[in-house]
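**Student:** What follows is a single structure, and I will ask about it in a moment.
The values are calculated or read from the model by the stated rules, or taken from the named source; none is laboratory data. As the structure is a prediction and not an experimental result, all values here were calculated from the model. All Cβ positions, even for glycine, are placed from backbone atoms using ideal geometry, and neighbour counts span all protein chains on display. Protein only, heavy atoms only, side chains kept; ligands, DNA and RNA dropped before computing areas. Shrake-Rupley method; radii C 1.70, N 1.55, O 1.52, S 1.80 Å.
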Amino acid sequence: MLRNGTENSEWAQVFREMHAMSPSARSLWSLGRVHYELGEYVVAVDYLEQALADPRRALEGAPRDEATSL
């Protein structure tokens, strides 16, 4: 999940700020994915479960499938 040389821990902060400004299932999914990449599996599962339950910009298709498989 590295982009432009930015480390995953920095992306976690970006996604937390994004979720604070505009909370949605998709921002929770992003947080879950980055914590998964960091090896923080308990935190990742918590965010992914929240993402699956959140109706705001609900997960569909591949992101939903991925959230249920992790």
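**Student:** Counting only protein heavy atoms, what percent of the accessible surface of the chain is carbon or sulfur at a 1.4 Å probe?
**Tutor:** Heavy-atom surface of the chain belonging to carbon and sulfur, 1.4 Å probe: 52 percent.
**Student:** Still on this structure: Please report, in debye to the nearest 20, how large the charge dipole of the chain is about its Cα centre when each Lys and Arg carries +1 at its beta carbon and each Asp and Glu carries -1 there.
**Tutor:** So the magnitude is around 240 debye.
**Student:** What list of ³J(HN,Hα) couplings, whole Hz, do you get for segment 53-70 from phi and the Karplus terms 6.51, -1.76, 1.60, once you set θ to phi - 60° and write x for glycine and proline?
**Tutor:** The phi angles translate into 8, 7, x, 6, 6, 3, 6, 9, x, 4, x, 5, 4, 5, 5, 7, 8, 7 Hz.
**Student:** Return the calculated 222 nm mean residue ellipticity for the chain, to the nearest 500 deg cm²/dmol, obtained by summing -39500 (n - 2.57) across DSSP H runs with n ≥ 4 and dividing by the residue count.
**Tutor:** -22000 deg cm²/dmol
**Student:** With no solvent and one point per C-alpha, what does the Debye sum give as log10 I(q)/I(0) for the chain at q = 0.12, 0.13, 0.14 Å⁻¹?
**Tutor:** -0.27, -0.31, -0.37
**Student:** Mind ranking 24-31, 46-53, 59-66 by how tightly packed they are, going by the mean number of other C-beta atoms within 10 angstrom, highest first?
**Tutor:** Top to bottom by mean Cβ count within 10 Å: 24-31, 46-53, 59-66.
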